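Here the structure comes first, spelled out in structure tokens, and everything after it is commentary.
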Amino acid sequence: MPKVNIQLPPELRSFSDDDKLQVIEEIRKALNVSKPKPDVHDGRSMWEPSDDSLIAQLEDGFYMELDEAARQVNAETVALLDLPDDQLQKSGKIDRFKALVKKFRDRFSALKNKFKRKSAADILQKVDDLWRQRLGTLSRLAEKYIVRSTLAARLRIEAEDHDIELPDDIVDKLPVTIKAAQKDPFPFTLWDKQEQIELVTLSPAELSAMEYAVLSAAEKINQISDSHRAGVKNLVIQSIKERWGADKLSQALFDAYSTQNRDWRRVAITELAMATNDAYIAGLQEGDEVKVPIVPGACKHCQRLLEGKTFTVSATPHEDGNKYVWAGKSNIGRTVANWWACSPLHPHCRHRWIRSFHKGGEKKND
């Protein structure tokens, strides 16, 4: 088709993301265009809590700390650039965002006149420095939550072996560093009726899974932090080039935060899922059989490759990827057509492994 030049009203750029999506929906309806097919990862919403109460706690905690850091640095950027916030489009997060802008604005008030005299390059460098400084330490959160998620996997194995329920407050008692987990992974006592459960130390395979998962999550956080920093810098460059008004740039920065928080939720769910599932497999015996619980709203790929099937645990990668699973097995780098059974199957997948058969011969109930 020939190239179509559509002139959109300039004020659309300052609309919130939700309003922009509404405009797109109205255009789709006016042109009588069918709705696009869902993404291959569509299924259960990533905003729904995990069915595992321990993992749900870890997901929420990880996400909230990442999200709060993003909210603060975006609000600090608005204050640093001395942008207005009174015309921001309403959102459930707007009050907290404005409160942060005010806090940082008061802090920067003495620097306003000096900052206004800076060149565009100086302004951009100041924004870059701010984002590097504020998000540069986020990767440290990976160790805290990944260590706890891998230890939660070992506790789940113990709970299955002794048929007990784990208390919800046990997560807060777990160590937050690899070093502490190596020394004393479970600084508390679990009881099976009147008998104390002897919690074993982590095996080399479990420690290896933990260390890899921490490195993987930290690197993912760094990659997304860099992407968000570059995106905000591009907004500032665009605002200077196109001579945006202050309100427009302020709204664009707030909209950027609204997108960033979805990235952080996705990271929290996916990295914790990879860590806890790998640790769970690493803690089982070779020859154990595992399956996944049926998850309401699961995507078609999970239904096809995971649900209703059993898999055998292998200590090392196996040539038969349709039958065997092992710690570290994933679909990273594989096309959808070549996906194989692993958990998580895809980003923000909510499936988790459970034992269906223990090598000792004991069948596990659903």
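The values are calculated or read from the model by the stated rules, or taken from the named source; none is laboratory data. This one's a predicted model, so the numbers in the text were calculated from it and none came from an experiment. Because the Cβ atoms are built from the backbone with ideal geometry, glycine has one as well, and the counts that use them run over all protein chains shown.
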From the options LEU155, LEU124, LEU141, LEU190, residue that is touching a Lys or Arg at 6+ places or on another chain (Cβ under 9 Å) and surrounded by 12 or more Cβ atoms within 10 Å (Cβ to Cβ):
LEU124
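To keep it simple, each residue is scored yes or no on (1) in the same structural domain as PHE357 (by TED's automatic domain parsing); (2) in a loop (DSSP other than H, G, I, E, B); (3) under 21 Å from ALA152 (Cα atoms); (4) at pLDDT 95 or above.
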position: ALA279; (1), (2), (3), (4): no, no, yes, yes
position: VAL290; (1), (2), (3), (4): yes, no, yes, yes
position: PRO293; (1), (2), (3), (4): yes, yes, yes, no
position: ALA298; (1), (2), (3), (4): yes, yes, no, no
position: THR312; (1), (2), (3), (4): yes, no, no, yes
position: GLU319; (1), (2), (3), (4): yes, yes, no, no
position: ASN322; (1), (2), (3), (4): yes, yes, no, no
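Condition check ((1) polar (S, T, N, Q); (2) more than 26 Å from LEU207 (Cβ to Cβ); (3) surrounded by 19 or more Cβ atoms within 10 Å (Cβ to Cβ)) across all residues:
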position: PRO317; (1), (2), (3): no, no, no
position: ASP320; (1), (2), (3): no, yes, no
position: LYS329; (1), (2), (3): no, no, yes
position: SER343; (1), (2), (3): yes, no, yes
position: HIS346; (1), (2), (3): no, yes, yes
position: CYS349; (1), (2), (3): no, no, yes
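Considering only the stretch 57-70, I want to know if a residue exists there that is among the polar types (S, T, N, Q) and surrounded by fewer than 18 Cβ atoms within 10 Å (Cβ to Cβ).
Step one: filter the stretch 57-70 for residues among the polar types (S, T, N, Q), giving 57.
After this cut, where a residue has to be surrounded by fewer than 18 Cβ atoms within 10 Å (Cβ to Cβ) as well, the list is none.
Taking every residue of the stretch 57-70 in turn, none turns out to be among the polar types (S, T, N, Q) and surrounded by fewer than 18 Cβ atoms within 10 Å (Cβ to Cβ).
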Boolean, PRO185 is loosely packed, with under 12 Cβ neighbours inside 10 Å, more than 19 Å from the chain's Cα centre (by Cα) and in the same structural domain as GLU271 (by TED's automatic domain parsing):
no
Do we find a residue being of a type in the set (S, T, N, Q), touching a residue at least 40 places away in the same chain (Cβ under 8 Å), touching a Ser or Thr at 6+ places or on another chain (Cβ under 7 Å) and in a helix (DSSP H, G or I) anywhere in the stretch 214-223?
yes
Does ASP51 count as part of a loop (DSSP other than H, G, I, E, B), charged (D, E, K, R) and modelled with pLDDT of 70 or more?
yes
For ASP42, which of the numbered conditions (1) modelled with pLDDT under 65; (2) more than 18 Å from the chain's Cα centre (by Cα) fails to hold?
(2)
Within the bounds of the stretch 231-239, is there any residue that is in a loop (DSSP other than H, G, I, E, B) and over 19 Å from the mean Cα position of the chain (by Cα)?
no
Kindly list the number of the only condition in (1) at pLDDT below 90; (2) among the hydroxyl-bearing types (Ser, Thr, Tyr); (3) closer than 18 Å to ASP67 by Cα that fails for SER139.
(1)
For the structure I just gave you, tell me whether ALA298 is touching a helix residue (DSSP H, G or I) at 6+ places or on another chain (Cβ under 6 Å) and either on the phi > 0 side of the Ramachandran plot or not basic (Lys, Arg) (or both).
no
Could you list, in sequence order, the residues of the stretch 254-263 that are surrounded by fewer than 24 Cβ atoms within 10 Å (Cβ to Cβ) and touching a helix residue (DSSP H, G or I) at 6+ places or on another chain (Cβ under 8 Å)?
ASP255, ALA256, TYR257, SER258, THR259, GLN260, ASN261, ASP263
Options SER203, SER208, SER225; residue that is surrounded by 17 or more Cβ atoms within 10 Å (Cβ to Cβ) and not β-branched (Val, Ile, Thr):
SER225
Which members of the stretch 300-310 meet the condition of being part of a loop (DSSP other than H, G, I, E, B) and out of contact with any strand residue (DSSP E or B) (no Cβ under 6 Å at 6 or more places or on another chain)?
LEU306, GLU307, GLY308, LYS309
